[in-house]
1. For the range 41-88: of the residues being acidic (Asp, Glu) and surrounded by 14 or more Cβ atoms within 10 Å (Cβ to Cβ), which is farthest from residue 106 (Cα to Cα)?
2. Limited to the range 5-29, what total is found for residues that are under 19 Å from residue 88 (Cα atoms) and either small (Gly, Ala, Ser) or within 15 Å of the chain's Cα centre (by Cα) (or both)?
3. What number of residues within the range 82-122 satisfy the criterion of being part of a helix (DSSP H, G or I), more than 21 Å from residue 9 (Cβ to Cβ) and free of Cβ contacts under 8 Å to residues at least 24 places away in the same chain?
4. Does residue 131 satisfy the criteria of being touching a strand residue (DSSP E or B) at 6+ places or on another chain (Cβ under 6 Å) and either part of a loop (DSSP other than H, G, I, E, B) or surrounded by fewer than 17 Cβ atoms within 10 Å (Cβ to Cβ) (or both)?
Amino acid sequence: MADLARVPERRAIFTETKTLHALAAPIETSGTLFWRRPDRLEKITFPPHPERLALAGTRLSLALGDQPPRDLDLASAPPVAGLIEAIRATLAGDLPALERHYSVGLEGDRAAWRLTLVPSDPEVARFLRTARIEGSGATPRRVTFAETNGDESDMRITPLP
């Protein structure tokens, strides 16, 4: 976590596969990620499913396609806040923040590690079964969310210089 905490800013590209029980085939998306200490996170998904998710503090802004952005205060949406905090607190190397929301398991070493997060907040646990974040050194490389309804998302991350 100390290695992660030393990085002030990150840029990456991602490829994400979402497997939804309601759909016959997975959805594949790709885009860019940006994170800046202490709490700014941005995910831009490229066409054919354009989306922009921007987070600063507790304010989340989501724009789908050409639609105007919708804003949300994370305090009013605990399941969403729980998902975002899994990523944001990991990127910040903030173990106490992770432990406020999750039971945290760590496997591996600096060369190859995996955090397994199991929600301790009942509202988050109704939606999310586990979050797994894998990486090497101070670089997250994969984020997987397994939801209680059987849906899953798997994001592969490639850092940019």
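A short reminder: the numbers here are calculations on the coordinates, not readings from a lab. Since the structure is predicted, the reported quantities are computational estimates derived from the model, not experimental observations. Note: ideal-geometry Cβ built from the backbone for every residue, glycine included; neighbour counts use all protein chains shown.
1. From the range 41-88, those acidic (Asp, Glu) are 42, 51, 66, 71, 73, 85; that's our starting set.
Keeping just the survivors that are surrounded by 14 or more Cβ atoms within 10 Å (Cβ to Cβ) gives 42, 51, 85.
Values: 42: 26, 51: 32, 85: 17 Å.
Result: 51.
2. Start the filter on the range 5-29 by keeping residues that are under 19 Å from residue 88 (Cα atoms), which leaves 5-16.
Restricting the remaining residues to those that are either small (Gly, Ala, Ser) or within 15 Å of the chain's Cα centre (by Cα) (or both) gives 5, 10-16.
Matching residues across the range 5-29 total 8.
3. Of the residues in that region, 5 qualify.
4. Working: touching a strand residue (DSSP E or B) at 6+ places or on another chain (Cβ under 6 Å): yes; either part of a loop (DSSP other than H, G, I, E, B) or surrounded by fewer than 17 Cβ atoms within 10 Å (Cβ to Cβ) (or both): no.
The answer is no for residue 131.
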